[in-house]
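For reference, the structure discussed in these notes is given below.
The values are calculated or read from the model by the stated rules, or taken from the named source; none is laboratory data. Computed from a prediction, not measured in an experiment: that's the story for all the values here. Note that each Cβ is placed from the backbone with ideal geometry, even for glycine, and that neighbours are counted across all protein chains shown.
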There are 2 protein chains.
Amino acid sequence: MNRYAIIVAGGSGSRMGVNIPKQFLPIADRPILMHTLEAFANHAPEIKIIIALPQIYIQHWMDICEDFTFTIPHSVVAGGSSRAESVKHALDGIIENEALVAIHDGVRPFVSKETIETGFLLAAQYGAAIPVIEINDSVRMLDNGLNRPIERDILRSIQTPQCFLLSLLREAYKRSSFEIFTDDATLVEKLGQSIHLFDGNKENIKITTHFDLLVAEAIISRRKTGYLQ
Amino acid sequence: MNRYAIIVAGGSGSRMGVNIPKQFLPIADRPILMHTLEAFANHAPEIKIIIALPQIYIQHWMDICEDFTFTIPHSVVAGGSSRAESVKHALDGIIENEALVAIHDGVRPFVSKETIETGFLLAAQYGAAIPVIEINDSVRMLDNGLNRPIERDILRSIQTPQCFLLSLLREAYKRSSFEIFTDDATLVEKLGQSIHLFDGNKENIKITTHFDLLVAEAIISRRKTGYLQ
């Protein structure tokens, strides 16, 4: 089966208080989104990469690809007004009846080869697979103005790529109104499909704050010295 | 009221797969625990600092304090077989009837002045206050071999210092059997006391893995350049 990676890069940058959308912010002197594409291309060059970008940034992306001589093959679709719509636009461009699809945040450049490979393998086997990590800190749940402890051992923090059989994902997106959309797994779950969880890699962080950018720079510099994969 | 910081440093280092307990691992060339003590002493030198250390490491700590010419005043008590017992030993050494007590992880060196100050202030006002941060990733809950999404907006990740009125904490520790101990807040809660949550600082991470050490080095180097407080 062909394997696709849909990279969702719809950020507007507002959370960081800067004008440039966060997927274009540089780490190690290159836009985050380029690192993310490389993670997939370096794992397996035959993975077909589709980026969903806001329409107004598509030209910008093409310009910076030229500036950075960025040559990893990929296609670009215009994102919708929500993440779910963006994924739907990307799915509409896939012509096969069946394939494996990984949906990945554009601002998670540190996904490991193992996470990608395991995701595709388990999606082929179970239909839906997502990487998770354990939560280290204690957790409390807000409850009616008060709060109470919740057992952290039964909680898992969800990462991407969320991996699916294309047919299942298409069906989920066809049926959904996207009103209470949280993530792709939740949509697919509504079909009665159970979601297979597997251990992701801890450095696969979602870069959404200045603090995350700082961590990202640290990961990059340590990778160069061989400290991290 | 006098203010105390009980720094719990009972780690054995096994989680990192090294022999040296993690509170003694160096960041920016000095043991983590020294950075942690400095966070409190730099905030307010009159805060009385008590470290709970495993008995077998007390001499080691005194030796390295000498090696590093570490002069921040503090007292040391021998930790118990659990975190709760360690806190209890530290509490036993406080003679006042009332005071404010912050219980802090020895491996959280990046607690900010604001987090410390707010913790003490709110503990004075409400009896019990703990810093929390929002959870950025989606979260799932394991449930009988399956799993389901849980609303992350109502979850908070718990940090330290957990701050209390001494009288309340003493009462909680007197009544508890420590059997299902998770954290100090949970003990105090059993007295019918509600826990006041407040926003902590995100870089106040608990250093428990090699990845955390990497992040810690990054935070330190950015602080030196004035990028972070």
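Details
- Selection from the range B:23-80 of residues that are over 22 Å from B:Leu91 (Cβ atoms), within 18 Å of the chain's Cα centre (by Cα), at pLDDT 95 or above and not in a helix (DSSP H, G or I): B:Pro31
- Residue count for the range B:208-227 under the criterion of being more than 8 Å from every other protein chain (Cβ to nearest Cβ) and touching a strand residue (DSSP E or B) at 6+ places or on another chain (Cβ under 9 Å): the result is 3.
- Of the criteria (1) touching a residue at least 40 places away in the same chain (Cβ under 8 Å); (2) within 16 Å of B:Gly106 (Cα to Cα); (3) not acidic (Asp, Glu), which one B:Ala44 fails: (2)
- Taking each residue of the range B:58-73 that is within 14 Å of B:Leu33 (Cβ to Cβ) and looking for partners that are assigned to a loop (DSSP other than H, G, I, E, B) with beta-carbon atoms closer than 8 Å, six or more apart or interchain, yields B:Ile64/B:Phe70.
- Any hit, the range A:119-130, residues being β-branched (Val, Ile, Thr), in contact with a helix residue (DSSP H, G or I) (Cβ under 9 Å, 6 or more places away or on another chain) and more than 12 Å from chain B (Cβ to nearest Cβ): no
- Selection within the range B:183-192 - touching a strand residue (DSSP E or B) at 6+ places or on another chain (Cβ under 6 Å), farther than 26 Å from B:Glu38 by Cα and within 11 Å of chain A (Cβ to nearest Cβ): B:Thr186
- Complete set of residues in the range B:131-158 that are under 16 Å from B:Lys202 (Cβ atoms) and either more than 7 Å from chain A (Cβ to nearest Cβ) or aliphatic (A, V, I, L, M) (or both): B:Pro131, B:Val132, B:Ile133, B:Glu134, B:Ile135, B:Arg152, B:Leu155, B:Ile158
- The set of residues from the range A:159-177 being of a type outside the set (Val, Ile, Thr) and within 11 Å of another protein chain (Cβ to nearest Cβ) comprises A:Gln159, A:Gln162.
- Within the range A:63-77, the set of residues being over 22 Å from A:Ser167 (Cα atoms) and either loosely packed, with under 12 Cβ neighbours inside 10 Å or touching a Ser or Thr at 6+ places or on another chain (Cβ under 9 Å) (or both) comprises A:Asp63, A:Cys65, A:Glu66, A:Asp67, A:Thr69, A:Thr71, A:Pro73.
- Of the residues B:Lys113, B:Lys88, the single one that is of a type in the set (D, E, K, R), surrounded by 13 or more Cβ atoms within 10 Å (Cβ to Cβ) and closer than 14 Å to B:Arg3 by Cβ is B:Lys113.
- Within the range A:124-176, the set of residues being touching a residue at least 24 places away in the same chain (Cβ under 8 Å) and basic (Lys, Arg) comprises A:Arg156, A:Arg170.
- Residues in the range A:193-207 that are within 27 Å of A:Leu33 (Cβ to Cβ) and either of a type in the set (Gly, Ala, Ser) or more than 7 Å from every other protein chain (Cβ to nearest Cβ) (or both): A:Phe198, A:Asp199, A:Gly200, A:Asn201, A:Asn204, A:Ile205, A:Ile207.
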